[in-house]
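The values are calculated or read from the model by the stated rules, or taken from the named source; none is laboratory data. For clarity, every value in this text was computed on a predicted model and none was experimentally measured. Virtual Cβ from ideal backbone geometry, glycine too; neighbours counted across all protein chains shown.
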Amino acid sequence: MPYQHRDAYTFAMTDDGVQQVGSELSIARAAGLDVVEASDTELPFSTRSTIRLADQAQFNPMDVMEALIADFRAQGGVLIEGLRVRSVSTENRATVFTSAGHVRADRVVLATGIPVLDRGLYFAKVKASQSYAAALRVPASTPIPRGMYLSAESPGRSLRTYPTDSEELLVVGGNGHQVGREPSPKRRLNELLDWAAHHFPGTEVTHTWSGEDYRATNLMPFFGKMPRGRGKIFLATGYNKWGMTNSIAASLAISAEILGGHVPWADTIHKRTTSPAGAAAAVALNADVARTLSESWAKAELTKPETGSGTVPAEGEGTVVRKDRKPVAVSTVDGVTCRVSAVCTHLGGILSWNDAEKSWDCPLHGSRYSPTGEVLQGPTTKNLAVLD
Ligand code: FES
């Protein structure tokens, strides 16, 4: 699998960021990592504080995925794609019910970003965020930073490179927000692109994309046996943007639990999951969700009822209208206007339009749907009702 050796940097531009970099430095040293203060960077702007961890690995996660799949198949594993898991029962052997029938298993590991089962209420213990990334072709005259850079403060900024067969692209990322809470996600993406164009003049955008990620209220990932799963269902979630490492840690801990091994650091993480600070943060998160639910319904109720032949948004736009007292999500994508229920099938949040990704997003727990109502992202597993 191709990968590059690169130094990893954390940098700060603000007072708050300087403090965070200082904490990261002392924690990293306490953990025995050889992190040093860096007085020089290759960035085209000055930073107030920077630290460096030398000789890390930079790689494309899809290359890792392909290597894992090949290994899994070589060991006799069977991979089935394109189905939706709807529920899991734990009577006798576990049974996984999917959109195309059911499968029986001794154990089930839910590794779906956010668990698609409501046992344990994990959807209420993590906050869903969406952040953006872009690949840029940089003019030959402009030097590309060789390290992997991550800002300590908000709005987040990260830089790294992606070598193709013929060139090396610059990848910038950041400007995240809570899913479904941003009036114009496209504006957030454009801010990131403007920032990159300002610091790397003459760049050409080759690709843009976004990722959804889950942060646990106590900042530590959840993994292990799912409550009320009779020891047959395992879960992993809450990677907090560090999925490339936290997912590996979760898989090591889960496989050790299934096979009877013992991973000492897993106990430490489990203890953190019940900390008082984490419990307080969970209460605050759920108060915020309850407020958003009532505010978004009140706003939908106040929307003027639709009359006449129906709303037709401009290309790439979407809006929530009211028809016969019900909130309706109307969007136009590629010249096709679709009308679906604007009520999330998980727990009833009112959806909002994502003009960057052309999707309907739920501000409560981060479920996302296509313009035609198909589920793109959990925790929901049910499509939206399609309306005339
Ligand atoms: S994701 Fe829970 S209500 Fe929409």
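One residue stands out among those in region 346-388 that are β-branched (Val, Ile, Thr) and over 22 Å from residue 87 (Cβ atoms): the one that is nearest to the ligand (Cβ to nearest atom), which is 350.
Flag: residue 214 does not match the condition of being more than 16 Å from the ligand (Cβ to nearest atom), in contact (Cβ under 8 Å) with a residue 24 or more places away in the chain and within 25 Å of residue 292 (Cβ to Cβ). Taking region 219-249 as the range and being within 23 Å of the chain's Cα centre (by Cα), closer than 27 Å to residue 91 by Cα and touching a residue at least 60 places away in the same chain (Cβ under 8 Å) as the test, the residues that pass are 222, 226, 233, 234, 235, 236, 237. From the list 68, 83, 53, 79, the one residue that fits, being free of Cβ contacts under 8 Å to residues at least 60 places away in the same chain, surrounded by 15 or more Cβ atoms within 10 Å (Cβ to Cβ) and under 27 Å from the mean Cα position of the chain (by Cα), is 53.
Output the residues belonging to region 55-87 that are out of contact with any His (no Cβ under 9 Å at 6 or more places or on another chain) and of a type in the set (Gly, Ala, Ser). Spell out how you get there, then give the answer.
The initial filter retains those residues of region 55-87 that are out of contact with any His (no Cβ under 9 Å at 6 or more places or on another chain), namely 59-87.
Passing the criteria: 67, 70, 74, 76, 77, 82, 87.
With respect to being more than 30 Å from residue 89 (Cα to Cα), polar (S, T, N, Q) and over 23 Å from the mean Cα position of the chain (by Cα), residue 303 fits the description.
All but one of (1) at pLDDT below 95; (2) in contact with a strand residue (DSSP E or B) (Cβ under 7 Å, 6 or more places away or on another chain) hold for residue 208; state the number of the condition that does not hold. Single failed check for residue 208: (1). Residues in region 1-33 that are of a type in the set (A, V, I, L, M, F, W, C) and crowded, with 16+ Cβ neighbours inside 10 Å: 8, 11, 12, 13, 18, 21, 25, 28.
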